[in-house]
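Novice: Handing you this structure, nothing more for now.
Please treat every number below as a calculation from the coordinates, not as lab data. Predicted model only: the values in this text are computed from it and were never measured. Every residue, glycine among them, receives a Cβ derived from its backbone with ideal geometry; neighbour counts consider all protein chains shown.
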Amino acid sequence: MTANELRIGNYVFRDSIFIETVKSIDKNVVFTGESLPSKVEDLKPVALIETDLISLGFKKWGKHKTYSKGGVILHLRRRGFVINKRMPIVHYLHQLQNIYFIFTGKEL
């Protein structure tokens, strides 16, 4: 994960234990407001799992591994979540947060 992947409001792991929200970014230093500033390389992305989608308000479609919210539709495949064949695979929560904001103009 690099600083240019992060936006204010993204969720990240600090110390591989605590999920915190990015409050500000200054070059390669990230402030979460919950702790001392962290270097970007010391933060880890939060893996995206199905229960996260439900807790963020995504609705599951029938028996399929398809989820939607605000016009954003995700399909669970073996490699991760996909939006369509031309988009990169979404593995992490901060990636979904960024994509959702781009498509809807709203935060997750």
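Novice: Counting alpha carbon pairs within less than 8 Å and at least 6 residues apart, what relative contact order, in whole percent, applies to the chain? Please report the intermediate quantities before stating the final value.
Specialist: Numbers: 167 pairs, mean separation 22.7, N = 108.
In percent, rounded to a whole number, it is 21.
Novice: For helix 93-104, what angle does its Cα long axis make with the longest principal axis of the chain, in degrees from 0 to 90 and rounded to 10?
Specialist: Taking the Cα atoms of the chain, the angle to 93-104 is about 60 degrees.
Novice: Please go through segment 36-65 and write out the trypsin sites (Lys or Arg not before Pro) that DSSP classes as loop and that have at most 14 other C-beta atoms within 10 Å.
Specialist: On the way: sites: 39, 59, 60, 63, 65; in loops: 63, 65.
Sparse-neighbourhood loop trypsin sites (Lys or Arg not before Pro): 63, 65.
Novice: Could I ask something else about it? Please go through the chain and write out the chymotrypsin sites (Phe, Trp or Tyr not before Pro) that DSSP classes as loop and that have at most 16 other C-beta atoms within 10 Å.
Specialist: Details: sites: 11, 13, 18, 31, 58, 61, 67, 81, 92, 100, 101, 103; in loops: 58, 61.
For chymotrypsin sites (Phe, Trp or Tyr not before Pro) across the chain that sit outside H, G, I, E and B with at most 16 neighbouring Cβ atoms in 10 Å, the list reads 61.
Novice: Give me the lysines in straight-line cross-link reach of residue 60: C-alpha distance below 29 Å, same-chain residues under 8 apart excluded.
Specialist: Residue 60 reaches 44, 69, 85, 106.
Novice: Taking θ = phi - 60°, what integer Hz values does the Karplus form 6.51 cos²θ - 1.76 cosθ + 1.60 yield along segment 70-75, in sequence order, with x for Gly and Pro?
Specialist: After applying 6.51 cos²θ - 1.76 cosθ + 1.60, I find x, x, 8, 10, 10, 10 Hz.
Novice: Count neighbours as other Cβ atoms within 10 Å of each site's Cβ, and list the GluC sites (Glu not before Pro) in segment 6-58 that are DSSP loop with at most 13 such neighbours. It would help to have the intermediate numbers written out before the result.
Specialist: Values: sites: 20, 34, 41, 50; in loops: 34.
Sparse-neighbourhood loop GluC sites (Glu not before Pro): 34.
Novice: Let me ask another. For residue 10, list long-range residues whose amide hydrogen, built 1.01 Å from N in the peptide plane, is under 5 Å from its own amide hydrogen.
Specialist: Correct list: 22.
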